[in-house]
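Written out below as structure tokens is the structure these notes cover.
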Amino acid sequence: MRHIISILMENEAGALSRVAGLFSARGYNIESLTVAPTEDLTLSRMTVVTHGSDEVIEQITKQLNKLIDVVKLIDLAEAVHVERELMLVKIKAAEAYREEVKSLSDIFRGKIIDVTSTSYVIEMTGPSDKLDAFVEAIDEDAVIEVVRSGPMGMSRGEKGLHL
Amino acid sequence: MELSGGEIVVQSLKDEGVEFLFGYPGGAVLHLYDAIFHQEEVKHILVRHEQAAVHSADAYARSTGKPGVVLVTSGPGATNAVTGIATAHLDSIPMVIISGQVGTPVIGSDAFQEVDMVGITRPCVKHNFLVKNLADLAVTMKKAFHVATTGRPGPVVVDIPKDITAPNIKIPYDYPKEISMRSYNPVVKGHSGQIKKAVDLLLKAKRPMIYAGGGVILGDGSEELTAFSKLLNYPVTNTLMGLGGFPATDKQFVGMLGMHGTYEANMGMHESDVIIAVGARFDDRVTGVLEKFCPYAKIVHIDIDPSSISKTVKVDVPIVGEVTTVLKEMIDLIKSSDIKVDQTALESWWNQINKWRDVNCLEYDRNSKLIKPQYVIEQLYEVTKGDAFVTSDVGQHQMFASQYYHFDKPRRWINSGGLGTMGFGLPAAIGVKLAHPGSDVACVTGEASIQMCIQELATATQYRTPVKVINLNNQYMGMVRQWQEFSYESRYSQSYMETIPDFVKLAEAYGHVGMRIDKPEDVRPALEEAFAMKDRLVFMDIMTDRTENVYPMIEAGKAHNEMKLRVAPGTPINRDLA
């Protein structure tokens, strides 16, 4: 099953490699990983998307908790949560296709953030499957490049992951 | 007090009460060595190879419970230390390893003797630090000792660039007495609801087993374990790392379990209905094939590390906490509980165990004209009155030592259980002897293992550590040879050494006493003679039966009840087979 593990950790050099190293050393898979400092600059928040049986996920969370730099973590998949991913797509958009791309982007509530006479860069956020659907809707030959942040998320309601 | 970085490191070691610093100098740590030169409180032990520095400090820690401390230089000094660090990591030994690093301005430029020590050691330490600012040095040292010695212990590396230790830059020294880290709060007390559940389960058991590991030794819980076991009168088995955690000569002790465990311990585990694992981690050498592990048992597991619980074997009642605290609470609960142990069931369980004991699985040919390694260990046990510190290397001799030397006290059996590091024994013996100069220290080794850190005979000369080296010389890498015999139709691929040195001359060359023993009747007198030489290192090269194997054995893919025995149960030993 897919799990989204949100980790609050010390914002220190090497912290990211400890997490990445743990996954590779113990043979766990990482589907995506995103990290940035929080409003408290001494802390980073990392979101790891991974797959595994309940036993494997239990070990992953325990092993992550064991890392000295990890302050707290939650498995978002255990409760109701919201998740979003950011994507930038550069698309060949010339002549007749120009209008089609724009209307597709509108349908998906994308934003065109760069325009040349032959291309668009579209910014889009949403759950990962929505971004997948948009890329699929575009003519394969027209896609120049795709960059995605990987999902991040938080639990719904008043409670949150903080100190 | 204003101190330079080098002085801060040394002063912090003094503040931590460090007695010995095991190390080897080099370019990146010269400032540190200069600071060491100016004091006498922390005694530096100069080894002959950095791997040995870590093993010596590790064994010092295992035998005393205090953290072992190491100092090595950057680059090759640091990489040489890695095997020792990984050894300590897998056995959860509290250590602080200080490594020199090239100066901060040149880090990352492939400078002379530069290696990313923090990167290299990341997977084999409890934690590591790179000190980039002098102002962080003292607090980092404090954190290193704190992390290494609390919770589940382990090695911590502090990598210090050369410029941080420069003598001309001084800052006020303020070593914190206490430290708290928001990201690190090891659990102490177990969950009382879980403890109650565990006690109820234990008291209702009909075929109980107490399975105790190295956590009992590390957590200084052998008194509590013994009291707990005595109260219940349940059979106790120890893991390789747990030997000495419960007195081996006690009638409740059924021996070691696992791959080379006793028949009674393994059969007991297999048939048990309730197992309590205390500070043990269900290692693959203990469990055998997981699918067939303890099929009838409900399992209680006490461990300080949550990640040890249900890692390989799913347990029914997990308790995260210190062994001592949890066992004490259990003892109180047992005493006040309304549930009484079913004594009839327990009696018939003991009868069954005693039948397994009667198989006498550790019996060997005592009439052989060749020296049997088992006999040597039995004699060592008698000559040292069971009270020596015994270090070992890795292989057959290690198993013989664990099976035939009966450890009644914790911290007496010093071996590399998790990583299985050949070369551990001799430097370990030196570390133990420094910590316990008045005690007998024996290093049980083999002619293959001993050569992996043989250079430490020089360290032993320099610091006058009169340990006794018991070299069980079968002219094979015995354990490799045994596996090749069982699983590769005796194709002894590279397990035989054609050129074995004259160990007697070698010992003498280093200034020690060498002895060669090749007759069974000479073993006892030679051991007595060696241990009577209180102030000399004696290297005993004992020529043993080349074909001897370690039994019982659970082969790969087999379960506890599928042991390979020397002789089938009930069959008397054929004395003519030599």
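The values are calculated or read from the model by the stated rules, or taken from the named source; none is laboratory data. Because the structure is a prediction, the values reported are computed rather than measured. Please note: Cβ atoms are built from the backbone with ideal geometry, for glycine as well, and neighbour counts cover all protein chains shown.
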Within segment B:109-130, considering residues that are within 11 Å of chain A (Cβ to nearest Cβ) and not in a helix (DSSP H, G or I), the one surrounded by the fewest Cβ atoms within 10 Å (Cβ to Cβ):
B:D116
Could you please let me know if B:G215 is buried (at least 16 other Cβ atoms within 10 Å of the Cβ) and more than 14 Å from every other protein chain (Cβ to nearest Cβ)?
yes
Tell me which residues, restricted to segment B:79-112, are of a type outside the set (D, E, K, R) and free of Cβ contacts under 8 Å to residues at least 60 places away in the same chain.
B:T79, B:N80, B:A81, B:V82, B:P105, B:V106, B:I107, B:G108, B:S109, B:A111
Restricting the search to segment B:159-185, which residues are more than 13 Å from chain A (Cβ to nearest Cβ), of a type in the set (S, T, N, Q) and surrounded by 17 or more Cβ atoms within 10 Å (Cβ to Cβ)?
B:T165
Go through (1) modelled with pLDDT of 95 or more; (2) within 10 Å of chain B (Cβ to nearest Cβ) and name the single condition A:I5 misses.
(2)
Could you grab me the full set of residues in segment A:114-149 that are within 19 Å of the chain's Cα centre (by Cα), under 16 Å from A:S103 (Cα atoms) and among the small types (G, A, S)?
A:A133
Checked segment A:20-55 for anything within 14 Å of chain B (Cβ to nearest Cβ), crowded, with 17+ Cβ neighbours inside 10 Å and not in a loop (DSSP other than H, G, I, E, B); matches are A:L22, A:F23, A:L43, A:S44, A:R45, A:M46
The listed residue being assigned to a helix (DSSP H, G or I), out of contact with any strand residue (DSSP E or B) (no Cβ under 9 Å at 6 or more places or on another chain) and touching a residue at least 24 places away in the same chain (Cβ under 8 Å), out of B:L346, B:L327, B:L333:
B:L333
Conditions (1) under 28 Å from B:I430 (Cβ atoms); (2) hydrophobic (A, V, I, L, M, F, W, C); (3) touching a residue at least 24 places away in the same chain (Cβ under 8 Å); (4) in a helix (DSSP H, G or I): number failed by B:I542:
(4)
Please note which strands (runs of 3 or more DSSP E) are completely contained in segment B:197-291 and include at least 2 residues that are of a type outside the set (D, E) and farther than 21 Å from B:D316 by Cα.
B:253-256
Checking B:Q194 against (1) in a strand (DSSP E or B); (2) touching a residue at least 40 places away in the same chain (Cβ under 8 Å), only one condition comes out false. Which one?
(1)
Restricting segment B:486-534 to residues that are assigned to a helix (DSSP H, G or I) and at pLDDT below 95, the one surrounded by the most Cβ atoms within 10 Å (Cβ to Cβ) turns out to be B:F486
Kindly state which strands (runs of 3 or more DSSP E) lie completely within segment B:1-108 and contain at least 1 residues that are farther than 22 Å from B:H127 by Cβ.
B:2-4, B:20-23, B:43-46
Is it the case, given these coordinates, that B:T465 is hydroxyl-bearing (S, T, Y), within 15 Å of B:F539 (Cβ to Cβ) and surrounded by 23 or more Cβ atoms within 10 Å (Cβ to Cβ)?
no
Across (1) more than 18 Å from the chain's Cα centre (by Cα); (2) at pLDDT 95 or above, B:N367 clears everything bar (2)
May I ask you to list the residues in segment A:56-107 that are within 18 Å of A:I4 (Cβ to Cβ), surrounded by 14 or more Cβ atoms within 10 Å (Cβ to Cβ) and of a type in the set (D, E, K, R)?
A:E58, A:K62, A:K72, A:D75, A:E83, A:R84, A:E85
For the list (1) within 20 Å of the chain's Cα centre (by Cα); (2) closer than 21 Å to B:A428 by Cα, I need the number of the one condition that B:G151 fails.
(2)
Those residues of segment B:293-324 which are within 24 Å of the chain's Cα centre (by Cα) and assigned to a loop (DSSP other than H, G, I, E, B) amount to B:I304, B:D305, B:I309, B:S310, B:K311, B:T312, B:V313, B:G321, B:E322
I need the full set of residues from segment B:150-175 which are assigned to a loop (DSSP other than H, G, I, E, B) and under 17 Å from B:E7 (Cβ atoms), in order please.
B:A166, B:P167, B:N168, B:I169, B:Y173, B:D174, B:Y175
Residue check for B:I85: β-branched (V, I, T), away from every other protein chain (no Cβ under 14 Å) and within 20 Å of the chain's Cα centre (by Cα):
yes
Tally time: how many residues in segment B:231-275 are touching a residue at least 60 places away in the same chain (Cβ under 8 Å), of a type in the set (S, T, N, Q) and surrounded by 24 or more Cβ atoms within 10 Å (Cβ to Cβ)?
4
Restricting attention to segment B:96-105, does a residue exist that is modelled with pLDDT of 95 or more, within 13 Å of chain A (Cβ to nearest Cβ) and either touching a Gly at 6+ places or on another chain (Cβ under 9 Å) or over 22 Å from B:D15 (Cα atoms) (or both)?
yes
Note on segment B:135-148: residues in contact with a strand residue (DSSP E or B) (Cβ under 9 Å, 6 or more places away or on another chain), within 14 Å of another protein chain (Cβ to nearest Cβ) and either surrounded by 15 or more Cβ atoms within 10 Å (Cβ to Cβ) or of a type in the set (V, I, T) (or both) are B:T140, B:K143, B:A144, B:F145, B:H146, B:V147, B:A148
Qualifying positions in segment B:535-548 - surrounded by 18 or more Cβ atoms within 10 Å (Cβ to Cβ) and under 26 Å from the mean Cα position of the chain (by Cα)
B:L537, B:V538, B:F539, B:M540, B:D541, B:I542, B:T544, B:E548
Within segment B:302-317, residues more than 10 Å from chain A (Cβ to nearest Cβ) and closer than 17 Å to B:A212 by Cβ come out as B:I302, B:D303, B:I304, B:V313, B:V315, B:V317
